[in-house]
Each structure stands twice: as structure tokens, then as C-alpha cells.
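The values are calculated or read from the model by the stated rules, or taken from the named source; none is laboratory data. It should be emphasised that the depicted structure is a prediction, and the values quoted were computed from it without experimental measurement. Just so you know, the surface numbers come from the protein's heavy atoms only, side chains and all, with ligands and any DNA or RNA stripped out. Shrake-Rupley method; radii C 1.70, N 1.55, O 1.52, S 1.80 Å.
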Amino acid sequence: MADTSIEWTQRPGTIGAVWNPTTGCDKISDGCDNCYALGMARRLKAMGQAKYQNDGHPVTSGPGFALTVHPDELGTPLTWRKPRTVFVNSMSDLFHARVPREFLAQVFAVMAETPQHVYQILTKRPERMPQILNDPCTCGVHHSLMSHRLGRALPLRNVWLGTSVESDKHAGRADALRDTPAAVRFISAEPLLGPLPSLDLAGIDWLIIGGESGPGSRPMQIGWVEELIGKARDAGTAVFVKQLGKVWAGSGKGGDWSVWPEHLRIREYPAERVAVAA
Ligand code: SF4
């Protein structure tokens, strides 16, 4: 039984899960306008949940949503015996500038120690990923400080790294992702707010597409989805259409796969890359 209903964690043969070693965040781009986690944190604070008692900036964040690290959460995946597909930080952004490097190293150490799980990390701050993972080491053995710290080569085979590209002005986030060592590189075009003519999918293994749902959601056009699917097919990128958002909101069926046009019912997973560098 899955611990979460997030569609892209439901990989065959694994249990879908979430892991939040940090909570809280700050809005950084237009895809954050209706941040689900921000509203959820406000409710969790009101319910007295211990992890959600730090208030963030009233403009960029909110009640219970200040960026907070949780060292006591680090060991949670070590207790999971059956393989899980883990969405890391459904309630935060792991590469937020205020997550200390040492804490990031501890998160990666846990992932390295639990190869039975696959970890999916999605950020709107992809420029910090190569800064953290490619920082050179002078030991003469390891290429990067992170691989030295972990005592093993990067990329970790069970860690998928992704970035959100919700509108064309953020297409450049894919470049930072390409600069990052990862077993799987993925882009989440959700909530898709417009066409993405500038998006380059070279070297990108997986493309998730989704509209916006919930109060105040902005519409997504089917034509934008079709263009992205075509682009992914040309690049050899696996496609996962998560939901159709407000396009189908009138019927309330944006998340109901069974009523979608047949050519949009695509839920593929990527094949992991095998090249590993020390
Ligand atoms: S980056 Fe993600 S978690 Fe942070 S405010 Fe934006 S949508 Fe919310």
C-alpha cells in the first residue's frame, strides 16, 4: 500500500512514499503562486504539528513554512525494508539556499545507504545542484567533495534529480540540470503555464507534464501538452502525463485518466543511466 498518492511515485514493484528531511520554503517563480505545501503547512501548524511551527517571511513564505531542517527525520528511510519510490521534500525544496551543505551531505549519505529505494528530488533551484555535487576535491581519489564525503562515486544510481520548468522563461533551468551528475535527470512541467518552445530536452531522461489544480488554478492548453510530447519523442525522453488540470476542471476530471483523450494517456518511466564517475 502506497504512503502517498503522488502519481509518479507509483512505480511498479515499489511503494510510493514521501520523505521530508526539510520543511518550508520561499516562493521563487510563477509556478509557486498556488504552492500546495504553503497552504498545507498553515493547516499543519494550526493542528500543532511540531515540524510546522516556524513561520516564514509573510511575502515569500507563510505560517509554519519557514525553511527548517529536521535531523531527526534523516533515519526514516533506513527503517523501510521494502523498496520504495520516494519523493523527497513534498513540503520543501531540498536545494533552497538555507539548507546547509553539511545537511545535504547527510541526506545524500542516507540515500547512498539505502540503494533498495529510488529517490526523486525536484527543485526550482537547480543551479545549486552542480555547486553541491561537482565541487572539486583535492584528495586525488574522488572527483568531488560529495563523492569523497560519501566514499563512493557519483551519480548515486538510486537518486533521480529534477527541476521544474513551468514557463518558457525558466527553460534555462534544464542547463543547470544537465551540469549535474544524476542517474536520471527529469523535468517537471507542472503546473504548465504556457508553451515551452525554448526547452531543450537533450540529456533529459524523463518529462512530467501536468496542469494546475485546486483553487485559483490557471488553465493549461492541450496543444502545449501535445507539443511537449512531440519534443520528448524527438529527444528520446520518457513522458509522464500526470494530470490535465483546469482544462478539464469544468467536469472536475483533470486527474481522471479514463476520460482523457487517448493520445495523452502516457505514463512512462525512464531507464536509469549506467555511467558512473568517481
Ligand atoms: S519552490 Fe516549491 S515548495 Fe517552494 S514555494 Fe515554490 S512551489 Fe512551494
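Assorted remarks:
- Largest-first principal axis extents of the Cα set of the stretch 48-168 (Å): 46, 36, 28
- Expressed as a whole percent, the accessible surface of the chain that belongs to carbon and sulfur atoms is 54, based on a 1.4 Å probe.
- The gain in end-to-end length when the Ser217 to Ala153 segment is fully stretched comes to 18.8 nm, 0.36 nm per residue minus the alpha carbon separation.
- At a probe radius of 1.4 angstrom, the accessible area of the chain per residue rounds to 44 square angstrom.
- Taking amide H as placed 1.01 Å from N in the peptide plane, Thr123 has its amide H under 5 Å from the amide H of Gly162, Thr163, Ser164, each at least 5 places away in sequence or on another chain.
- Taking the chain and dividing mean pair separation by its residue count, relative contact order in percent (alpha carbons under 8 Å, at least six apart): 14
- Rg [Å, one decimal], Dmax [Å, integer] - the chain, C-alpha atoms: 18.4, 61
- Counting DSSP beta bridges with both ends in the stretch 7-264, the antiparallel % (nearest 5): 10
- For the chain, lysine pairs with C-alpha atoms less than 18 angstrom apart, excluding pairs fewer than eight positions apart on the same chain, total 6.
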